[in-house]
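Here the structure comes first, spelled out in structure tokens, and everything after it is commentary.
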Amino acid sequence: MKISREDVLRVAELAYLDLSETELETYRAQIDEILEYIEKLKELDTAKVEPMAQVLTDDQTADATLREDLVVPSAVAEDVLRQAPDPEPPYFRVPKVIERA
Amino acid sequence: MTTNWTIDGVREALATKKISARELAADFYTRIEARNPELNAYLALSPERARRQADRIDALVAGGKALPPLAGVPVAIKDVISTRGTKTTCGSKILENYIPPYDATAVERLEAAGAVILGKTNCDEFAMGSSNENSAYGPVKNPVATDRVPGGSSGGSAAAVASGLAVAALGTDTGGSIRQPGSFCGIPAMMGSYGRVSRYGLIAFASSLDRIGPFANSVRDVAAILQVIAGRDPNDSTSTTAPVPSYAEEIDKPVNGLRLGIPKDYFGEGMDAGVRTKIEAGIEVYKKLGCELIEIRMPHTDYAIAAYYIIATAEASSNLARYDGVRYGLRVDDDSLLAMYRKTRGAGFGAEVKRRIVLGTYVLSAGYYDAYYLKGQKVRALIAQDFSGAFTKVDAILTPTSPVPAFQLGERTNDPLQMYLADIYTVTGSLAGVPGISVPCGKINGKLPVGLQIFGPAFGEARVLQLAHAFEQAGGSTI
């Protein structure tokens, strides 16, 4: 077994994800099978391989990633707030974060 | 009235006043109303926006002005792509009522080129799936066989175009989500190189892999849509400055003498016999067209699914952290902030999304990062080397798009790994960042479409389109 019930619980906690008992066991078994399959990567010797995090080479993005740091007017704040489940313009309201000691 | 519109056909009909853009859009809405209840291809329609745009085009016609390249062309947009003022759900309950305050660059460019946006198409939740059965709003049915899946994740876009409910559509491809549904529904469908089309306004799944691309009923129309959406966008720092050639000029060039690689590694076990027969016949078409067929090896192909599902889920777990019940989408209330997060995400995400968040968080977590995520990225480099090595010997690579034709609804839903394995021929090109198209290559028993996939080197879209167009012109879709 690659992944235990405790592992799934720990990861769900890291991801702020409520899982039901049924989900917990179903996902554990399915992810276990997927991780078992992923084991095949061990057949490859990658000691001397550089990891590839990004497809584009520097020369393809050099112009693209460096730009003037300009302030551009944007009037979407109202529209953005309208999408919030509990807006209090100009704020988003959330449950109390800091408790008194 | 014809139901088989092409982009040129629309422009011709408008210019000669055989139809107005407004009448054309209305005609498509009538057909959508009739057929969509069965297919479930569209999730939302934008008739007011469509009418405003159609009126602009009709005013150009009335004024005798030049018409833009996509004048009056009715298009559909996958529901993971932002459309200002029109609900964009990503096929998820967590964004059930979300209305984007801005347009994706690709949408803005389509509209600036005259296209009429009809509405938003169904898809697997957050583009995670290969059958469209992971949509929170029900599966899409394949118009060529309604007991079968249209493929995924851009199943609604593929089904809409294949059934004449749009002339063209935008989809997104992360591991095959444009090409595979194109193949299942029997229409050409293309993913340009990573960086070719701006991702601004595309709601992220896996940012190093996600790409926007077109579906249409002909390669020429696929090229016309790509022409409009391709190119540098200051709002996406990964969109490149590489020049965009005129695809319409390139596609008519002869293909004789081109060297085409046939990778043995894509023709092993697990391929449906009917698919194999059609693909082999498709390769013969290129032989007749005077191409040189060269057997090549791409030795890391067999490791692509494993690397892909590490990288894609890792990036997804990070990207989907934004759905927290604070700024948009669903909130399930609780007195505690953390409990609100947990409940909102637990209630708002569907099964496949949760599974991928758990897997992706796991492969990134302390103690597993090197064994999974880093290893996956190294194998990704090896797969990219398979491609760059191949392109020193050949101009393009031919493979099947999918090992199987469209399968039955419900056939694979209980076995995620089996569903993932069906992406075997498409994820390689996704990891390498190269462009790929799926072009119709006959139908098994005259019924189920097969797709031939053509990969080209990075930013070699013109070559890919040229080969696909030549294949189509040579009758490849009916072999």
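The values are calculated or read from the model by the stated rules, or taken from the named source; none is laboratory data. Bear in mind that the values here come from a model prediction, so they are computed numbers and not experimental data. All Cβ positions, even for glycine, are placed from backbone atoms using ideal geometry, and neighbour counts span all protein chains on display.
Those helices (runs of 4 or more DSSP H) of segment B:264-382 in which 1 or more residues are among the basic types (K, R), surrounded by fewer than 24 Cβ atoms within 10 Å (Cβ to Cβ) and in contact (Cβ under 8 Å) with a residue 24 or more places away in the chain occupy B:273-288, B:351-364.
Examine segment B:443-450 for a residue that is over 20 Å from B:G257 (Cα atoms), in contact with a helix residue (DSSP H, G or I) (Cβ under 7 Å, 6 or more places away or on another chain) and of a type in the set (K, R), and state whether such a residue exists. Within segment B:443-450, none of the residues are over 20 Å from B:G257 (Cα atoms), in contact with a helix residue (DSSP H, G or I) (Cβ under 7 Å, 6 or more places away or on another chain) and of a type in the set (K, R).
With the condition kept exactly as written, say whether any residue in segment B:390-406 is part of a helix (DSSP H, G or I), of a type outside the set (D, E) and away from chain A (no Cβ under 14 Å). Yes: one or more hits. Taken as a whole, the condition of being more than 22 Å from B:D233 (Cβ to Cβ), surrounded by fewer than 24 Cβ atoms within 10 Å (Cβ to Cβ), out of contact with any Leu (no Cβ under 7 Å at 6 or more places or on another chain) and polar (S, T, N, Q) does not apply to B:T86.
Of all residues in segment B:1-22, those that are buried (at least 16 other Cβ atoms within 10 Å of the Cβ) and either assigned to a helix (DSSP H, G or I) or in contact with a Phe, Trp or Tyr (Cβ under 8 Å, 6 or more places away or on another chain) (or both) total 7.
Filtering segment B:319-326 for residues that are among the polar types (S, T, N, Q) and modelled with pLDDT under 95 leaves an empty set. Of the listed requirements (1) touching a residue at least 60 places away in the same chain (Cβ under 8 Å); (2) under 18 Å from B:A162 (Cβ atoms), B:E461 misses just one: (2).
So how many residues does segment B:361-377 have that are facing chain A (nearest Cβ under 8 Å) and not hydrophobic (A, V, I, L, M, F, W, C)? The number of residues fulfilling the criteria is 7. When segment B:364-420 is limited to residues that are among the polar types (S, T, N, Q) and in contact with a helix residue (DSSP H, G or I) (Cβ under 7 Å, 6 or more places away or on another chain), the one that is farthest from A:L35 (Cα to Cα) turns out to be B:T399.
For (1) part of a helix (DSSP H, G or I); (2) buried (at least 24 other Cβ atoms within 10 Å of the Cβ); (3) at pLDDT 95 or above; (4) on the phi < 0 side of the Ramachandran plot, each residue gets a yes or a no:
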{"position": "B:A50", "(1), (2), (3), (4)": "yes, yes, yes, yes"}
{"position": "B:L60", "(1), (2), (3), (4)": "yes, no, yes, yes"}
{"position": "B:G64", "(1), (2), (3), (4)": "no, no, yes, no"}
{"position": "B:G72", "(1), (2), (3), (4)": "no, yes, yes, no"}
{"position": "B:A106", "(1), (2), (3), (4)": "yes, yes, yes, yes"}
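Output the residues belonging to segment B:228-274 that are charged (D, E, K, R) and either within 14 Å of another protein chain (Cβ to nearest Cβ) or in contact with a Ser or Thr (Cβ under 9 Å, 6 or more places away or on another chain) (or both). Passing the criteria: B:R232, B:D233, B:D236, B:D265, B:D272.
Residue-level analysis places B:D395 outside the set of residues that are among the acidic types (D, E) and over 30 Å from B:E292 (Cα atoms). The conditions of being crowded, with 24+ Cβ neighbours inside 10 Å and within 14 Å of chain A (Cβ to nearest Cβ) are not met by B:A223.
One residue alone among B:Y247, B:Y286, B:Y303, B:Y200 is among the aromatic types (F, W, Y), at pLDDT 95 or above and closer than 26 Å to B:K443 by Cα, and that residue is B:Y286.
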